[in-house]
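What follows draws every value from the coordinates through simple rules; no lab data is involved. Every value quoted in this text rests on a predicted model; they were computed, and no experiment measured them. Positions of Cβ are generated from backbone atoms using ideal geometry, with glycine treated the same way; all protein chains shown enter the neighbour counts.
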Amino acid sequence: MDILCILSSLLILYLIFKIWKHIDSKRDQNCYILDYQCHKPSDDRMLSTQISGEIIRRNKHLRLNEFKFLLKAIVSSGIGEQTYAPCIYFEGREESPTIQDALSEMEEFYIDTIEQLLKRNKLKPKDIDVLVVNVSMLNSTPSLSARIINHYKMREDVKVFNLTAMGCSASVISVDIVKNIFKTYKNKLALVVTSESLSPNWYSGNNRSMILANCLFRSGGCAVLLTNKRCLSPRAMFKLKCLVRTHHGAREDSFNACVQKEDELGRVGIHLDKTLPKAATRAFVDNLKVITPKILPVTVLFRFMLSLLLKKLRRSPSKGSTSNVAQAAPKAGINFKTGIDHFCIHTGGKAVIDAIGYSLDLTEYDLEPARMTLHRFGNTSASSLWYVLGYMEAKKRLKRGDRVFMISFGAGFKCNSCVWEVVRDLSVGECLGNVWNHCIDQYPPKSLLNPFLEKYGWIREEEDADTFKFRT
Amino acid sequence: MPDFSSSVKLKYVKLGYQYLVNHFLSLLLIPIMAIIAVELLRMGPEDILNVWNSLHFDIVQVLCSSFLVIFISTVYFMSKPRTVYLVDYSCYKPPVTCRVPFATFMEHSRLILKDSPKSVEFQMRILERSGLGEETCLPPAIHYIPPTPTMDEARSEAQMVIFTAMDDLFKKTGLLPKDIDILIVNCSLFSPTPSLSAMVINKYKLRSNIKSFNLSGMGCSAGLISVDLARDLLQVHPNSNAVIVSTEIITPNYYKGNERAMLLPNCLFRMGSAAILMSNRRSDRWRAKYKLCHLVRTHRGADDKSFYCVYEQEDREGKIGINLSKDLMAIAGEALKANITTIGPLVLPASEQLLFLLSLIGRKIFNLKWKPYIPDFKLAFEHFCIHAGGRAVIDELQKNLQLSGEHVEASRMTLHRFGNTSSSSLWYELCYIESKGRMRRGDRVWQIAFGSGFKCNSAVWKCNRTIKTPKDGPWSDCIDRYPVFIPEVVKL
């Protein structure tokens, strides 16, 4: 009797111990953002309208039609006067970049950001356990991740991944890798470095779909510290709630929407197809279908399903009726503000922000961070989401418990999104190292128009392509 | 070996401590069992019978205790980390039309580099001593004089090698494209937008919720890095499978200049790719070929000499190529030593570890003049797959690990037949061992790969079932000719 008692009590104790360990390990699987640092290049790299005009004029292959096209694109781009470009654009060497140019552009970025990030958080490079680097258009040997490890003398057993060619949504993919690693390994500190390389990717031809990429992308980057260490969680800023990735590569038109290829004369550039907005919309809708049930409260979902059902029942007797189908972006029909407080939209361009704002039914207040980031920093590709987040933080909008929704698109065609919860009150106190600190008071400005129209608007009047001469 | 011993000492102490703490409960059981055993021995057989008869086996008690035992064993088994299996893999066999015998290579070299006969001479000497055979292959674009490395050609090479390997994998495993949950593509030197992983998703119409990753720039060890990522992902996602595509696209990276150190990769790198299916499903346990036991990654980037030994740069005329430093062998040796200090304790039998510990104690504490004891890895593994980076790499590793000719045969023959196919070479070597009928159930394989940066990654696989000699595959038509004797210098 006693032996049986002892045996069963031992077994019960073991069971309780196992269950406690299991619940405990769940707490170690959270992915927190400890801190992040966006890159602000030096002021001598600011691209004003004047310099943009000079750079465009330098391209000998462009003719009047291309200038008209570019003017239309740049005027309505939403990009302002203070965005940054790589050094070689200012030195006139954008058509003949060397490997060293590309590497120095990246070095300038990561040395500055990672230094600030580690110093502010009192961490050493040897503390980093996981390093994920994503720079879409640069592929060097040794990889950029190896360069960072060499520069900072990181540990030998650091888990490193170097992602390339995954487009503007790559930083969410990097966070996905870190999230998965955190589920298996305890007590880790991860560094995600995301940027875009512009120096080696200037298109020197005159194919219209390819010169657009020249004018839209700008320099920028971000380094993010993520952790699942319990001792660091009081200092954390955000906690990852969910992450959803959608890949539409299976569809031909989505896959060919954004392709890097050679034009008729063998010059390499990124071809942005006219079907890009449609591909983006499709991917966006599919992504929303998966993430919405995870983030919105059950009552809202229930009401939405009921309304869908009623609409279906009402529509079926009158099949031929023409309902007003939104052309560019369908309206979601569900109020996202019930589950999300802030929206970090990839600053792919004014059209992207407008389309998402329309379909999610967002106000100007919601779209302000994305619009201002596009105006101040341009389209910095994968790192743009972090600049938008920085704006919200600088404007003291982020309170504890708020939820931030990040959405980005990428070539392929991908749509990746994630939801972060603010775990510390970020609306009080100083935000150290925020790139917006020096200019946040000037935002939002009264007008977002850039002086391109007033300076170069006369091009629209020109008719004759042969006798056309560029007036200064 | 400056820091080798001290880092090993610390590692052993740490390991011992970890083992003690992690298995605290099980270690606690030992004294309890000892006490019970002593009690049983004290009581005579009649006392034990009396205790047995006095137990009232109430039906409720029996049910409760058996339920408890079952529940606990379920919890125990569910909390174990998921085993990751390698179900099958397929290697790309290039068409005969892409072959580059020595004569073709030298003719091309003489025509392209007609202004620098010294460089042609250099390439010939490299080729003579390279250990490559006459059947290695280069992509079609490189067969042109001069080569035409456009982006379209690079893409078509990528499509040719990747899609053929994947089609073969689908046929072998019966896998449907829409069942793939994770896709990892690694190609070091070619990275178009959209990525190669997007290209695979497009061709096979994979699902929209697939987790795809495109790794690049990570050198010849990227194949094992992809396996590491797949393993981490498969730990988190139950009942999933992962497809890894390891390749190297040669077309855009053919060096067109005449700088000698940068002509070396032209002589060694050849076309090849491998597609691997990994899974953590219980149902795949019976048909899987291998089980992943350990995977250790070591990154020596912090050391400047290691970092700069494989470096992409422009030569004096602005042509891009990869510069291989002269200390490559020494650096590879050091990286391997660093990797071994981590993997040794995981795989070596207790006897070897004890011997190593004793020799360490003898040398460090008692200052005896013993030679550093190199553990015998032949006791831990039956097969070795050393990345076929070049003849010198294989020679160096054979010396360092004290391996026999038969152990490194797979590597040497892969180098001879296929050349240096970068990250996929490990899979060609594994295929060689299988084709020779040497892979038995329970055999352990050690795959070692090096990469730019400088990285040394190694993976330990355990064979799950005895593998019959494959009827098709890259070695099927020539396995009977192997092993061949590869002379030191092939006179050209």
(request) Tell me the label-point distance for the pair B:K205, A:R155, using the 7 Å Cα-to-Cβ offset, in nm and rounded to one decimal. (result) 4.7 nm
(message) Using a 7 Å offset from the Cα along the Cα-to-Cβ direction at both A:E91 and B:K319, what is the distance between the two label points in nm, to one decimal?
(response) 2.4 nm
(message) Loop by DSSP (not H, G, I, E, B), at most 12 other beta-carbon atoms within 10 Å: where is the longest site-free stretch of chain B for chymotrypsin sites (Phe, Trp or Tyr not before Pro)?
(response) B:145-285
(request) Compute the length gained on full extension between B:A392 and B:D327: take 0.36 nm times their separation in residues and subtract their Cα-Cα distance, giving the result in nm to one decimal. (result) 22.3 nm
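Given R₀ = 25 Å, FRET efficiency for B:V62-A:I6 by Cβ-Cβ distance, to 0.05?
The pair B:V62/A:I6 has a calculated efficiency of 0.90.
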(request) Determine, from the Cβ-Cβ distance of B:E128 and B:N50 and an R0 of 60 Å, the FRET efficiency 1/(1 + (r/R0)^6), rounded to the nearest 0.05. (result) 0.10
(request) In nm, give the distance between the simple-model label positions of A:K311 and B:L492, each being 7 Å from the Cα along the Cα-to-Cβ direction. (result) 6.9 nm
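Can you give the helix-only mean residue ellipticity at 222 nm for chain A, where every DSSP H stretch with n ≥ 4 adds -39500 (n - 2.57) and the sum goes over all residues, rounded to the nearest 500 deg cm²/dmol?
The helix-only estimate for chain A comes to -13000 deg cm²/dmol at 222 nm.
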(message) As a test, work out the antiparallel percent of DSSP beta bridges whose residues both lie in the protein assembly as shown, rounded to the nearest 5.
(response) 70 percent
(message) Taking a virtual spin label 7 Å from the Cα of B:R287 along the C-beta vector, which residues in region B:445-467 bring their backbone nitrogen under 19 Å of it?
(response) B:463-467
(message) As an exercise, use a Förster radius of 22 Å and the Cβ-Cβ distance of B:K399 and B:L379 to find the FRET efficiency, rounded to the nearest 0.05.
(response) 0.75
(message) How tilted is helix A:170-184 with respect to the longest principal axis of chain A? Cα atoms for both, answer in degrees (0 to 90, nearest 10).
(response) 10 degrees
(request) Report relative contact order for chain B in percent, whole number only (criteria: Cα-Cα under 8 Å, sequence separation at least 6). (result) 20 percent
(request) Give the longest segment of chain A that steers clear of GluC sites (Glu not before Pro) in DSSP loops with at most 10 neighbouring Cβ atoms within 10 Å, not counting the sites themselves. (result) A:1-263
(request) Would you mind checking the tilt of helix B:151-173 against the longest principal axis of the Cα atoms of chain B, expressed as 0 to 90 degrees and rounded to 10? (result) 40 degrees
